[in-house]
Amino acid sequence: MPDSDKRLGPLLTGDRPLPASVNAEKAVLACMLLDPEQAIDVVLARLRVEECFQYPPHRRLYTAFNELRADMAPGRIDVVTLHAR
């Protein structure tokens with residue numbers, strides 16, 4: 001496997017990456033922020049690695065959600081705690 005394909009990790013299917021949608025990524029992150037008690041654990045269980053997000057700022061937000069969830073209950077995660085992280 002070429003080095004450029006290794007960085008794609010779980011997004012690689014055959015010889016081509018799966019299609020990505022910045023708007024879909026935004027929607028997932030918005031759900032996590034708008035209803036953290038219902039969404040955060042579900043998303044973190046299904047999208048286990050930050051590479052599931054193509055857009056680098058979205059990867060950073062996902063990582064911040066993951067780190068915050070390790071430290072606190074989902075109901076305590078909001079825009080302020082996310083921004084601080």
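Results, tabulated for the structure shown:
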item	result
Tabulated pairs, segment 37-53, first over 18 Å from Ser21 (Cα atoms) and surrounded by 18 or more Cβ atoms within 10 Å (Cβ to Cβ), second of a type outside the set (A, V, I, L, M, F, W, C) and modelled with pLDDT of 95 or more, C-beta under 7 angstrom, 6+ apart or interchain	Ile40/Arg69
Answer residue from segment 54-68, given it is hydrophobic (A, V, I, L, M, F, W, C) and touching a residue at least 24 places away in the same chain (Cβ under 8 Å) and is most open to solvent (accessible area, probe 1.4 Å) among those	Leu61
Filter result (part of a loop (DSSP other than H, G, I, E, B), within 11 Å of the chain's Cα centre (by Cα) and not polar (S, T, N, Q)) within segment 41-85	Leu47, Arg48, Val49, Phe53, Tyr55
The listed residue being open to solvent by 40 Å² or more (accessible area, probe 1.4 Å), of a type outside the set (Lys, Arg) and either at pLDDT 95 or above or under 11 Å from the mean Cα position of the chain (by Cα) (or both), out of Ala20, Ala27	Ala27
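The values are calculated or read from the model by the stated rules, or taken from the named source; none is laboratory data. In this text, all values refer to a predicted model and were calculated from it rather than measured experimentally. Note: ideal-geometry Cβ built from the backbone for every residue, glycine included; neighbour counts use all protein chains shown. Remember, those area values only see protein heavy atoms, side chains included, never the ligands or the DNA or RNA. Shrake-Rupley method; radii C 1.70, N 1.55, O 1.52, S 1.80 Å.
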